[in-house]
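Right, one structure below, let's go through it.
The values are calculated or read from the model by the stated rules, or taken from the named source; none is laboratory data. Fair warning: this is a prediction, and the values are worked out from it, not measured in the lab. When we count neighbours, we look across all protein chains shown, and the Cβ atoms used for this are built from the backbone with ideal geometry, even at glycine. Only protein heavy atoms, including side chains, enter the accessible area calculation; ligands, DNA and RNA are left aside. Shrake-Rupley method; radii C 1.70, N 1.55, O 1.52, S 1.80 Å.
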Amino acid sequence: MSDLNTALADVEAEIADLQARLASQGNQCRELVKEQDVLREQTRADFDALARLQAEASNEVEPAVARDLLLQSRADLDRRERKGRTLDDELKRLLDEEQALQQRSLDAAAARDAAGERLQQLRDQVEATLRSDSDFLAQLDTLQLAQARWDTAERMAASAHAEHDAKAGAYQADPIFMYLLSRDFGGSGYRGWPLLRTVDGWLAELCGYDRARREYRTLTELPGYLQQHAAQAREEAEQAHAPVQAARDSAAALSGGGVLSSILRDAQGALAQALLDEQRQRQAVDAQQARITDFRSWSDTEGRSVLVTLARALSSRNLDDLYRRVAATATAEDDAVLERIHARRLRLAEIEGSVGQHTSDMETLKASLASLQATRRSYQLALDAERSSYRAPARSVAEPIMTSLFATASSRPRRSSTASSGGLFDWGSSSSSSSDSRSSFWSGSSSSSSTRSDSGSSSGGFRSGGGISGGGGFKTGGGF
């Protein structure tokens with residue numbers, strides 16, 4: 001059994017080693033496959049770039065570099081060339097229209113400036129005529145004074161707001177001052193018990209409450225007051241401006257100012273419309289230029305389809321043909337792309353070989369692992385059988401003998417203990433046994449012998465004569 005255990009342990013150690021080697025081979029193979037996928041994607045992108053460069057060169061190089069691979073018929077290439085010319089013609093037309101719109105905008109701006117200048121000249125003449133009128137001058141003086149007061153009130157209000165923002169925070173940060181102010185200490189609304197009044201008075205003297213209260217009230221109330229004063233000054237200025245503007249409008253209308261104002265409004269509207277049309281035309285030109293850029297870079301729908309066809313055709317060519325095509329172009333960009341393709345193809349070939357070797361090694365390891373697993377199962381079955389046969393004899397031989405002895409004892413007539421014992425073990429003596437006891441014992445011996453024979457025991461047999469612990473021939477196959 002110990003030999004089987006040792007052999008089974010050796011087999012399990014070999015199985016664990018093979019499994020570890022299989023896992024290592026599998027990990028290496030997976031990493032190579034990942035690298036292979038990345039290289040294939042990069043190679044596909046490089047062929048797309050090479051196809052674009054070759055397609056662009058086909059419009060410039062004679063003889064055509066890639067025309068034999070671009071389209072299946074000359075008609076397809078001619079149709080694409082016609083599309084390119086149509087796009088160029090449309091762009092030229094749009095640019096001409098944009099130039100015309102720009103000129104229209106310039107003319108509209110010039111007309112607007114001329115109308116504005118004539119209207120301003122008329123206003124200057126009207127103003128000079130009105131300044132000779134004493135009533136108008138009085139109204140103008142009143143307007144100027146009102147505007148001066150309004151301007152002064154606005155500046156004072158702004159200054160008061162700035163001073164409040166700069167100084168009010170210091171008062172609001174003083175908890176004693178704000179406590180007394182919230183209780184309206186020193187005002188008509190203040191209420192408190194005598195002791196509380198005494199404490200509040202001591203706090204007021206401590207923080208200089210009376211002076212601080214006046215200053216804080218000024219800071220908080222003055223900005224609102226000055227703002228109201230500025231609003232009133234603005235209303236007075238507007239009221240003073242109304243008669244002055246009415247006099248100017250009346251004098252300008254009498255001098256033909258209404259017609260000039262209408263001309264100026266029309267010129268401004270024409271200029272706005274011309275600028276809007278010019279902006280829209282610029283957007284159309286930009287869109288057309290984007291379409292031409294896509295067409296020339298083969299980024300349009302038809303161009304992308306052509307590039308896919310060209311990339312597939314180039315990928316099926318050998319390197320000598322690719323180098324010949326690349327050498328025919330003036331740019332060096334396609335040379336660099338082809339070198340990358342060559343290097344990646346070499347690496348892909350190396351990976352293919354490595355993956356194949358790993359796969360072959362893994363198949364060999366799997367076959368060895370299957371063989372070892374079968375050996376382990378056979379060893380395990382043999383070990384289980386040996387353990388079962390080692391435990392069986394102790395019960396298979398002793399149990400029939402015990403059954404026979406107890407059956408013999410139970411079949412005898414009841415006697416004294418001494419007589420029973422003597423009859424059981426000393427049956428060969430004629431003076432101490434009867435014919436019934438001999439007959440019963442022989443019957444029991446036959447039964448026991450028959451049972452032992454059926455059990456298949458390899459013991460020496462059940463021989464008469466001698467006791468259980470004596471030196472006779474009573475054998476039980478391992479002890480009773």
Next item on the list: Taking the Cα centre of the stretch 97-197 as origin, sum charge times position over the Cβ atoms of Lys and Arg (+1) and Asp and Glu (-1), and report the length of that vector in debye to the nearest 20.
Entry: 860 debye
Notebook entry, point to check: Separation between the Arg347 and Ala7 pseudo-spin-labels, each 7 Å from Cα along Cα→Cβ, expressed in nm?
Noted result: 5.2 nm
Note to self: Restricting everything to alpha-carbon atoms, can you work out Rg to Rh for the stretch 128-195 with a Kirkwood hydrodynamic radius?
What the structure shows: 1.46
Check: What size of dipole, in debye to the nearest 20, comes out for the stretch 320-359 about its Cα centre when the only charges are +1 on Lys and Arg C-beta atoms and -1 on Asp and Glu C-beta atoms?
Finding: 100 debye
Notebook entry, point to check: For the stretch 216-267, what ratio Rg/Rh do Cα atoms give with a Kirkwood hydrodynamic radius?
Noted result: 1.40
Check: Of the listed peptides 273-280, 196-203, what is their order by residue-averaged count of other C-beta atoms within 10 Å, with the highest listed first?
Finding: 273-280, 196-203
Next item on the list: Sort Met156, Met362, Met178 by accessible area with a 1.4 Å probe, largest first.
Entry: Met156, Met178, Met362
Notebook entry, point to check: ³J(HN,Hα) across the stretch 210-216 via Karplus (A = 6.51, B = -1.76, C = 1.60, θ = phi - 60°), whole Hz, x for Gly/Pro?
Noted result: 4, 5, 5, 5, 5, 5, 5
Margin query: With +1 on the Cβ of every Lys and Arg and -1 on the Cβ of every Asp and Glu, and nothing else charged, how large is the dipole of the stretch 218-343 about its Cα centre, in debye rounded to the nearest 20?
Written below: 500 debye
Item checked: Distance between modelled label sites at Asp89 and Asp135, nm, 7 Å Cα→Cβ extension -> 7.3 nm
Checklist line | Cα-based Kirkwood hydrodynamic radius, the stretch 197-323, one decimal, Å | finding: 25.0 Å
Item checked: Among Gly201, Gln121, Leu140 the positive-end extreme of the charge dipole of the stretch 106-212 (Cβ point charges) -> Gly201
Item checked: Percent accessible area from carbon and sulfur atoms, the stretch 126-279, protein chains only, probe 1.4 Å -> 57 percent
Margin query: Regarding the stretch 328-369, what's the average projected area of the Cα-atom convex hull, expressed in nm²?
Written below: 3.2 nm²
